[in-house]
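Right, one structure below, let's go through it.
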Amino acid sequence: MRIEETLLPGCFLVHDTFHGDHRGYFFESFNRKTFLAQTGLDINFVQDNQSHSQKGVLRGLHFQQGDAVQAKLVRVLQGKVLDVAVDIRPKSPTFGKHVAVELSEDSHTQLFVPRGLAHGFVVLSEAATFFYKCDNYYHPASEAGIIFNDPALGIDWQLPEADLLLSAKDKVLPTLQELLPALKF
């Protein structure tokens, strides 16, 4: 497992050591000791989630606050997505900045999204199966989000906005500026 920090402090790309031959492949998707040694973060994942979506589905930008704040390790099992993490920690030197990375079944790259970042993805392939580990349990009352097309964030989702499929809830999320007074990180 090779880990590289992104421009957002504490947000890492996790590149797996992939071993393949005529029988198939093997790779270690997470090793707590290795992750700790390379990042200094001792993560204890407690919940795994998986979603399957068609092309154009955009899920995000989501996060949890308070005692339910979560870090996530995300990857794609099938297909390809553009995965985005936005720094929403008001005191961070990279507040309001984002990282966007293509994750796919072929790359075997994962993104570690630390607590205090909003997260979202859009499906670029015909369909995608998305998997993520969380270090805290889902708590609906602590859930919040930022509108995907917040002009201040300037995220290029790589698909025309008219082709994006969002939930009713994700269509009416506030901008980061509107949310700023309520952020608790």
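Checked against (1) among the charged types (D, E, K, R); (2) farther than 27 Å from ALA144 by Cα; (3) crowded, with 16+ Cβ neighbours inside 10 Å, ARG89 passes all but a single condition, namely (2).
Looking only at residues in the stretch 156-165 that are in contact (Cβ under 8 Å) with a residue 12 or more places away in the chain and part of a loop (DSSP other than H, G, I, E, B), the one that is surrounded by the most Cβ atoms within 10 Å (Cβ to Cβ) is TRP157.
Of the strands (runs of 3 or more DSSP E) lying entirely inside the stretch 82-155, those containing at least 2 residues that are under 22 Å from ALA168 (Cβ atoms) and either under 10 Å from the mean Cα position of the chain (by Cα) or of a type in the set (S, T, N, Q) (or both) are 117-123.
Yes or no, residue by residue, for (1) in contact with a Ser or Thr (Cβ under 7 Å, 6 or more places away or on another chain); (2) more than 22 Å from HIS98 (Cα to Cα); (3) touching a residue at least 40 places away in the same chain (Cβ under 8 Å); (4) surrounded by fewer than 16 Cβ atoms within 10 Å (Cβ to Cβ):
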residue: THR6; (1), (2), (3), (4): no, no, yes, no
residue: PRO9; (1), (2), (3), (4): yes, no, yes, yes
residue: HIS19; (1), (2), (3), (4): no, yes, no, yes
residue: PHE26; (1), (2), (3), (4): no, yes, no, yes
residue: ASN31; (1), (2), (3), (4): no, yes, no, yes
residue: ALA37; (1), (2), (3), (4): no, yes, no, yes
residue: ASN44; (1), (2), (3), (4): no, yes, yes, yes
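The numbers here are math on the coordinates, done by the rules we state, and not lab data. Since the structure is predicted, the reported quantities are computational estimates derived from the model, not experimental observations. Glycine gets a Cβ as well: all are built from the backbone with ideal geometry, and neighbour counts include every protein chain shown.
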